[in-house]
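For reference, the structure is listed below as structure tokens.
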């Protein structure tokens, strides 16, 4: 089966067990200092694999309620920390919106990730790196398809952990 090419590289820094799981749990309980630990491990993995540095970092959007619960935007904080390490700008051009059509047709609460129309010109001909806490191929591919409409030179994805283990 041939899958359409959307994202050039998808990398996870570690697996979610042991210390990495403790960092994820800290982030989910609102401990901001855990974000910098995750960012440093992600940057270390990227550099160790000798990947070219991106020109722009894009964080995944966080829902309004999650920001209120934690007191900060964890995905934006992660992207800003990785951006400090790489000396690369971070732009929040994605937004999470309620998928009303899916709710009305299937009765499921679901969110859609879409581009903020005001800042799309900054993606053209640039190497873009999406950052996230958890590796999710389906989510990366759907966001990559959204970003592809703005003609970036290359789209990569970097996650902190592969999957949560309960």
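Before moving on, here are some points about what is shown:
- Length available on full extension from residue 103 to residue 153: 0.36 nm per residue minus the Cα-Cα distance, which gives 14.5 nm.
- Of the labelled figures (i) 54, 35, 31; (ii) 52, 38, 25; (iii) 41, 37, 36, only one reflects Cα extents along the principal axes in Å as derived from the coordinates, namely (iii).
- Inter-label distance, nm, simple model (7 Å from Cα along the C-beta direction), residue 28/residue 139: 1.2 nm
- Share, in percent, of DSSP beta bridges within the chain that are antiparallel, nearest 5: 20 percent
- Relative contact order (%) - the chain, alpha-carbon pairs under 8 angstrom, separation at least six: 33 percent
- Sites residue 9 and residue 111, calculated FRET efficiency, Cβ-Cβ separation with R0 25 Å, nearest 0.05: 0.45
Every number in this text was worked out from the coordinates using simple rules, so none of it is lab data. Every value quoted in this text rests on a predicted model; they were computed, and no experiment measured them. Quick reminder, even Gly has a Cβ in these numbers, built from the backbone with ideal geometry, and neighbours come from all protein chains shown.
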